[in-house]
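Take a look at the structure set out below.
The values are calculated or read from the model by the stated rules, or taken from the named source; none is laboratory data. Bear in mind that the values here come from a model prediction, so they are computed numbers and not experimental data. Every residue, glycine among them, receives a Cβ derived from its backbone with ideal geometry; neighbour counts consider all protein chains shown.
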Amino acid sequence: MTLFRRLLLVEWSGLAVAILLGALALSVIAPNFLTEFNLYVMLRSLSVGLLVAFAQMVTLGVGQMNIAVGALGGLTAIIFGATIELYGFPLLLAIPLALAIGALGGLINGLLTARTGVNAFIITLATASAFTGINFGITGSIPFYKMPASLVAFGDHHLGAMPYLLVAPLIVAFLLGLFFSRAAPGRELLAFGGNPQAAELSGISRERVVVSAHVLSGLLAAAAAVLAVAQLGSAQPTIGADWLLLSFAAPIIGGAALTGGHISVLGTLFAVLLLGLIQNGMVLAKVDPYWVQFVLGALILAAVGLNRWRAVNSGVA
Amino acid sequence: MGLALEAVSKTFPGVKALDSVSLDLKAGEIHALMGENGAGKSTLIKIVTGLIRPDSGRVLLDGRAVQFGSPRDALSEGVSAVHQERNLIPRFSVGENILLERLPTRNGLVDYGAVAREARRYLELLDPGIDARAKVLSLSVAQMQIVEIAKALSSEAKILLLDEPTASITEHETAALFKLLRKLRDDGVAIVFVSHKLEEVFAIADRITVLRDGKNVARGAPMEDMTRQTLVSLMIGRPERVAEIAERQVDPSRVVLEARGLSTTRGHKNITFALRYGEILGLYGLVGAGRSELAHAILGDARISGGELLIRGEPARIRDVHDASTRFRMGYVSEDRKQEGLILMHSITRNVAVTIWRRLANVIGLINPRAESRAVAPFIKRLDVRTPSLGQLVGNLSGGNQQKVSIAKWLAVQSEILIIDEPTVGIDIKTKTYLHELIGEIACEGAAILLISSDMAEMITLADRILVMHGFRLVGEVANDHQYETTSRAIIGYIHAVGDVTPAPAG
């Protein structure tokens, strides 16, 4: 096997190469690509996407889906905004509360899935609609604008090209990596995703696995929502509406198995970075933003093809 | 119609699966294809049926070179196969599965009456007890195997390849299958028969081709010239070793698992038995007798509706499998290791350590990978799992090594009660002997083992006592004297006494 083929077998290798080539090409084509400000804007726009991608990655790990990531994120965002604007909650109270709302939504998804045995796709499709309904019921589509200055500052400030906002997803990425590679519950999630029957017969509790994956997913969606509010400077009811595609695209491009049992935190991170780069490049090249949608779709197909090739070549297909 | 393979080679990444292999199959013969796991039998069959293309060499059908692009091409030329893996659609009926490529229709719609009628013709040859209208997912593994065979028969093939067709069926059904195969042979069908059970090969084959490490070591040798010893040494490259199983002393008072008049929602009635520490208790029965179902019920996968289950003298309410393994220290080695036993896409280490992660985690809940490898390595070493590294994906191991991994995880967690369901189905001679010795050792060390097996010889080698199950009831108990003749007769006698079956000897 050639070195090139062997490199391709490493999940995130293709992504790393694509990112490098892309960045190189952009810095040649668009002189303002390598400016501190442009890099800051790009990285800042990735922050929310990373958490969204992780939220889906966790459910993909157990071989399920969470269609409600965006809906739950939207609901969390406006509850977060409401507690601050209407009830004057300090951030130290409002943030944990928002995260708890996300976890609660995940708990509902998880319990419904585990107890009824109905496919998580259907369950979360239904709860997504319900969460969105509550969201618009509460707000009547009107955003909460009065966000504390410290939150808005956190969403804006940066150190060189590095936005403060990016710190949160990087910490989360590190913790998730540790969780899935080293912690017993994380391992159990992946074991269950790899073969639910075998995992159950090995003494892993099905309900615990399914519920914890959905709770974690909800928690991450809520974290993404809080970041989105910080980034926008207001709690918009439409937050989360466009998360779904990215949430699947990034983990899959990053090498997650759709059947469950295998995910890559680093791969997902690189995938979000690549998608951000493409988006940024298209903006710099003044391409119609709708084409970004097209490129995203093509990339997912390419990634699935590469994963398939890899599975066949490592003999596990 | 005859089939010949000439100098066929096939290489997979890292393995030369077939190295210039030849096979010559004549019309009207049963040709055994033998070899240990990994010898290349299945690859060869997949080449003949068009699932895999050879790198070099030729496939000749009646002297004419053919290139099958898919199983469909092969079928249209009259070549049909029963593969080792299940290839049924679970939610379809038995009849639909059998007639899948040529469903009878009326006015353009599927005629389900005709489907059932047509399918029944083939089922009746093997096991009239299977309902052609039943869904495949409601069948036991053995019944599914019979449906697979019926499916292959139904294509009226001129060349029939059977890869381990008897792996999970009982002697009774095997006998029915053999009767049928002889009839097909006499009608001029050419049959390739792959099995790990030597007795069967001697009973049915006319000629034999043996593969070892992807090469021919025998090519169409007449069966009359073959003895068990020569065959085994051809296959494994050295003489066979008999399983050495140490004598165990079982203290009859040390009961660990006891069923008193148990009935279950799966349909078991009045099941009473006791299992002791250090004992191997066999559970034998025909297909559909309810053995695996009983194991699942004990493990909490089905509800116990009557009677009492006692574990270590205390009435036990097992809620689910998780409960069984953690609270009652029970382990289950599944009959279907790929579906229920292993996580194929994960490494050996993870598959074994899955039962002990919680124990390995440190104060802050993290597992040290080195500690994990250290915990797993002794079992992998003890079980002699052949692998370049512990990081190897289980999906890439041979069947025998996979089975060792699925046993290792229960050794790692030190289960006291081990339910082992068909431990050596589809596993080669060398590994089988090894697994038998291993099960003996585990019992010697004090674990209580409930052994479910359809392999009479295996039962008689391993068990201390054998419970005979029929129709979801226990119909007898045989003290095993380890003599095949007397014990097997006693077992069959019990089944015969209650059933309407007529067990013919396999052969």
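So if I check each of A:G194, A:G203, which one is out of contact with any Gly (no Cβ under 6 Å at 6 or more places or on another chain) and at the interface with another protein chain (Cβ under 8 Å from one of its Cβ atoms)? Write out each step before concluding.
Numbers: A:G194 fails: out of contact with any Gly (no Cβ under 6 Å at 6 or more places or on another chain).
Going through A:G194, A:G203 in turn, the sole match is A:G203.
Quick one: which residue in A:N109, A:N135 is within 22 Å of the chain's Cα centre (by Cα), away from chain B (no Cβ under 13 Å) and at pLDDT below 95? Give the steps one after another, and end with the answer.
Working: A:N109 fails: at pLDDT below 95.
None of the other options fit; the residue is A:N135.
Do the conditions hold for B:L161, that is, is it touching a Ser or Thr at 6+ places or on another chain (Cβ under 8 Å) and either over 17 Å from B:G35 (Cβ atoms) or among the aliphatic types (A, V, I, L, M) (or both)?
Details: touching a Ser or Thr at 6+ places or on another chain (Cβ under 8 Å): yes; either over 17 Å from B:G35 (Cβ atoms) or among the aliphatic types (A, V, I, L, M) (or both): yes.
For B:L161, the condition - touching a Ser or Thr at 6+ places or on another chain (Cβ under 8 Å) and either over 17 Å from B:G35 (Cβ atoms) or among the aliphatic types (A, V, I, L, M) (or both) - is met.
Identify all residues within segment A:177-187 that are of a type outside the set (K, R) and buried (at least 23 other Cβ atoms within 10 Å of the Cβ); write none if there are none. Steps first, please.
Pass one, segment A:177-187, residues of a type outside the set (K, R): A:177-181, A:183-186.
Correct list: A:G186 only.
Restricting to segment B:220-263, what's the tally of residues that are in contact (Cβ under 8 Å) with a residue 60 or more places away in the chain and either of a type in the set (D, E, K, R) or more than 30 Å from B:V194 (Cα to Cα) (or both)?
The total comes to 8.
Among the numbered criteria (1) crowded, with 23+ Cβ neighbours inside 10 Å; (2) outside any helix (DSSP H, G or I), which single criterion is violated by B:H482?
(1)
Please return the ranges of helices (runs of 4 or more DSSP H) entirely within segment B:345-447 where 2 or more residues are within 14 Å of chain A (Cβ to nearest Cβ), touching a residue at least 40 places away in the same chain (Cβ under 8 Å) and buried (at least 20 other Cβ atoms within 10 Å of the Cβ).
Numbers: elements: B:348-353, B:357-360, B:369-382, B:399-412, B:429-444.
Here the list reads B:348-353, B:399-412.
Counting only residues that are at the interface with chain A (Cβ under 9 Å from one of its Cβ atoms) and either of a type in the set (V, I, T) or closer than 24 Å to B:N401 by Cα (or both), how many does segment B:303-329 have?
Start the filter on segment B:303-329 by keeping residues that are at the interface with chain A (Cβ under 9 Å from one of its Cβ atoms), which leaves B:320-326.
From what is left, the residues that are either of a type in the set (V, I, T) or closer than 24 Å to B:N401 by Cα (or both) are B:321, B:325-326.
Residues in segment B:303-329 being at the interface with chain A (Cβ under 9 Å from one of its Cβ atoms) and either of a type in the set (V, I, T) or closer than 24 Å to B:N401 by Cα (or both): 3 in total.
Please go through segment A:191-208 and give me each residue that is over 16 Å from B:Q402 (Cβ atoms) and surrounded by fewer than 24 Cβ atoms within 10 Å (Cβ to Cβ), ordered by number.
A:P196, A:E200, A:S205, A:R206, A:E207, A:R208
For segment B:221-233, check the following and say yes or no: at least one residue is in contact with a strand residue (DSSP E or B) (Cβ under 6 Å, 6 or more places away or on another chain), assigned to a strand (DSSP E or B) and not charged (D, E, K, R).
The answer is yes, given that some residue of segment B:221-233 is in contact with a strand residue (DSSP E or B) (Cβ under 6 Å, 6 or more places away or on another chain), assigned to a strand (DSSP E or B) and not charged (D, E, K, R).
Condition check ((1) of a type in the set (A, V, I, L, M); (2) within 18 Å of B:S453 (Cα to Cα); (3) away from chain A (no Cβ under 14 Å)) across all residues:
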| position | (1), (2), (3) |
| --- | --- |
| B:T227 | no, no, yes |
| B:Q249 | no, no, yes |
| B:T272 | no, no, yes |
| B:E279 | no, yes, yes |
| B:L294 | yes, yes, yes |
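Sort through B:L99, B:L103 and tell me the only one that's of a type in the set (A, V, I, L, M, F, W, C), free of Cβ contacts under 8 Å to residues at least 60 places away in the same chain and in contact with a strand residue (DSSP E or B) (Cβ under 6 Å, 6 or more places away or on another chain). Please lay out each step first, then the result.
Details: B:L99 fails: in contact with a strand residue (DSSP E or B) (Cβ under 6 Å, 6 or more places away or on another chain).
Going through B:L99, B:L103 in turn, the sole match is B:L103.
Out of the residues in segment B:5-45 meeting the condition of being at pLDDT 85 or above and basic (K, R), tell me which one is surrounded by the most Cβ atoms within 10 Å (Cβ to Cβ).
Ranking the qualifying residues of segment B:5-45, first place goes to B:K41.
Please enumerate the residues belonging to segment B:115-145 that are among the aliphatic types (A, V, I, L, M) and either assigned to a loop (DSSP other than H, G, I, E, B) or farther than 25 Å from B:G78 by Cβ (or both). Walk me through it before giving the result.
As a first pass, look at segment B:115-145 and keep what is among the aliphatic types (A, V, I, L, M): B:115-116, B:119, B:123, B:125-126, B:130, B:132, B:134, B:136-137, B:139, B:141-142, B:144.
Hits for segment B:115-145 are B:A116, B:I130, B:A132, B:A134, B:V136, B:L137, B:L139, B:V141, B:A142.
For segment B:1-114, which helices (runs of 4 or more DSSP H) that fit wholly inside it have 3 or more residues that are in the same structural domain as B:V194 (by TED's automatic domain parsing) and either within 24 Å of B:M223 (Cα to Cα) or of a type in the set (K, R) (or both)?
Helices (runs of 4 or more DSSP H) meeting the threshold: B:41-48.
So the check is Cβ under 8 Å with 6+ separation or different chains; which pairs have a first residue in segment A:154-178 that's more than 16 Å from A:T268 (Cα to Cα) and a second one that's assigned to a helix (DSSP H, G or I) and of a type in the set (S, T, N, Q)?
A:G155/A:Q231; A:P163/A:S47; A:L165/A:S47; A:L165/A:Q231
Checking B:G471 against (1) small (G, A, S); (2) touching a helix residue (DSSP H, G or I) at 6+ places or on another chain (Cβ under 8 Å); (3) at pLDDT 90 or above, which test does it fail?
All conditions pass for B:G471, except number (3).
Among (1) touching a residue at least 12 places away in the same chain (Cβ under 8 Å); (2) more than 14 Å from every other protein chain (Cβ to nearest Cβ), which single condition is A:H262 missing?
(2)
Scan A:I67, A:I101 and give me the residue that is modelled with pLDDT of 95 or more and outside any helix (DSSP H, G or I).
Values: A:I101 fails: outside any helix (DSSP H, G or I).
Going through A:I67, A:I101 in turn, the sole match is A:I67.
Tally time: how many residues in segment B:260-274 are within 28 Å of B:G440 (Cβ to Cβ) and surrounded by fewer than 23 Cβ atoms within 10 Å (Cβ to Cβ)? Full working, then the answer.
So the first thing to find is which residues in segment B:260-274 are within 28 Å of B:G440 (Cβ to Cβ), and the list is B:262, B:271-274.
With the extra rule that they be surrounded by fewer than 23 Cβ atoms within 10 Å (Cβ to Cβ), the set shrinks to B:262, B:272-274.
Residues meeting the conditions: 4.
Of the residues B:E148, B:E156, B:E199, only one is part of a loop (DSSP other than H, G, I, E, B) and either in the same structural domain as B:P90 (by TED's automatic domain parsing) or surrounded by fewer than 18 Cβ atoms within 10 Å (Cβ to Cβ) (or both); which?
Values: B:E148 fails: part of a loop (DSSP other than H, G, I, E, B); B:E199 fails: part of a loop (DSSP other than H, G, I, E, B).
Selected residue: B:E156, the only one of B:E148, B:E156, B:E199 that is part of a loop (DSSP other than H, G, I, E, B) and either in the same structural domain as B:P90 (by TED's automatic domain parsing) or surrounded by fewer than 18 Cβ atoms within 10 Å (Cβ to Cβ) (or both).
Within segment B:330-344, count every residue that is at the interface with another protein chain (Cβ under 7 Å from one of its Cβ atoms) and out of contact with any strand residue (DSSP E or B) (no Cβ under 8 Å at 6 or more places or on another chain).
So in segment B:330-344, the residues at the interface with another protein chain (Cβ under 7 Å from one of its Cβ atoms) come out as B:332, B:334, B:339-344.
Those still in the list that are out of contact with any strand residue (DSSP E or B) (no Cβ under 8 Å at 6 or more places or on another chain) too: B:339-340, B:342-343.
Matching residues across segment B:330-344 total 4.
In this structure, does B:G290 turn out to be crowded, with 21+ Cβ neighbours inside 10 Å, more than 8 Å from chain A (Cβ to nearest Cβ) and over 19 Å from B:K404 (Cα atoms)? Explain how you work it out, then say what you get.
Numbers: crowded, with 21+ Cβ neighbours inside 10 Å: yes; more than 8 Å from chain A (Cβ to nearest Cβ): yes; over 19 Å from B:K404 (Cα atoms): yes.
Considered against the rule, which asks whether it is crowded, with 21+ Cβ neighbours inside 10 Å, more than 8 Å from chain A (Cβ to nearest Cβ) and over 19 Å from B:K404 (Cα atoms), B:G290 comes out as yes.
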